[in-house]
Amino acid sequence: MRRLLSALALFASTAFATQTAIAQPATEAPAAAASPQTYESPIQNKKGEPIGKIVIRDGASSLVMRVTIQPGGLPPGWHGIHFHAVGDCSDTEKFEKSKAHVNHDQSKHGLLNAEGPDEGDLPNVFANADGSVNAEVSSETPLTGEGALKDGDGSALIIHANEDDHTTQPIGGAGARIACAVIK
């Protein structure tokens, strides 16, 4: 009788373990997410002096950029910011060596434009009364890979004197280029 009870207990525990294994799906360890690539660059004014920095984190579907400018760095108020096609801020008088916006698919300018936006378009940033900025913006334009900011000649972040209205061609009325950061 003891052997029969022991055999039944063994059978029951084996059947329970088998049934539990069948009912519970196998769990796999989650795949580790790739760390975003990070890039940092100083922002310079028209005198070639550093006034702040950008820090870009590039993820799988977008990049996030922090713009930090020290007090006195910009005139107070809203400023248009754009990615420009060439990573050259050496002509501090006008920052024209950075060329036009990044725009591989020849879209119209403006986040609010039905035929846009181009790849260089970004939201405006606000400079506080003391001229400082602490902002974070995102973009679908990648840091690396196809259509990237870090291509053969790099790109630049340009800060304009005025705000961008996000519709007017070619730069939303943003005005003169007053600050620049190289992205290479």
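Residues in the range 135-161 that are surrounded by fewer than 17 Cβ atoms within 10 Å (Cβ to Cβ), in contact (Cβ under 8 Å) with a residue 12 or more places away in the chain and more than 15 Å from the chain's Cα centre (by Cα): 2 in all. Just one residue in the set Phe126, Phe95, Phe83 is on the phi > 0 side of the Ramachandran plot and in contact with a strand residue (DSSP E or B) (Cβ under 6 Å, 6 or more places away or on another chain); that residue is Phe95.
The condition of being modelled with pLDDT under 90, loosely packed, with under 12 Cβ neighbours inside 10 Å and either over 26 Å from Gly145 (Cα atoms) or not polar (S, T, N, Q) (or both) holds for Ala26. Gly116: among the small types (Gly, Ala, Ser), in a loop (DSSP other than H, G, I, E, B) and within 19 Å of Glu163 (Cβ to Cβ), yes or no? The answer is yes for Gly116. Evaluation of Phe126 against the conditions (1) under 17 Å from Thr167 (Cα atoms); (2) of a type outside the set (A, V, I, L, M); (3) out of contact with any Leu (no Cβ under 7 Å at 6 or more places or on another chain); (4) outside any loop (DSSP other than H, G, I, E, B) shows that the sole unmet condition is (1).
The values are calculated or read from the model by the stated rules, or taken from the named source; none is laboratory data. The shown structure was predicted, so the numbers you read here are calculated from the model rather than taken from an experiment. Quick reminder, even Gly has a Cβ in these numbers, built from the backbone with ideal geometry, and neighbours come from all protein chains shown.
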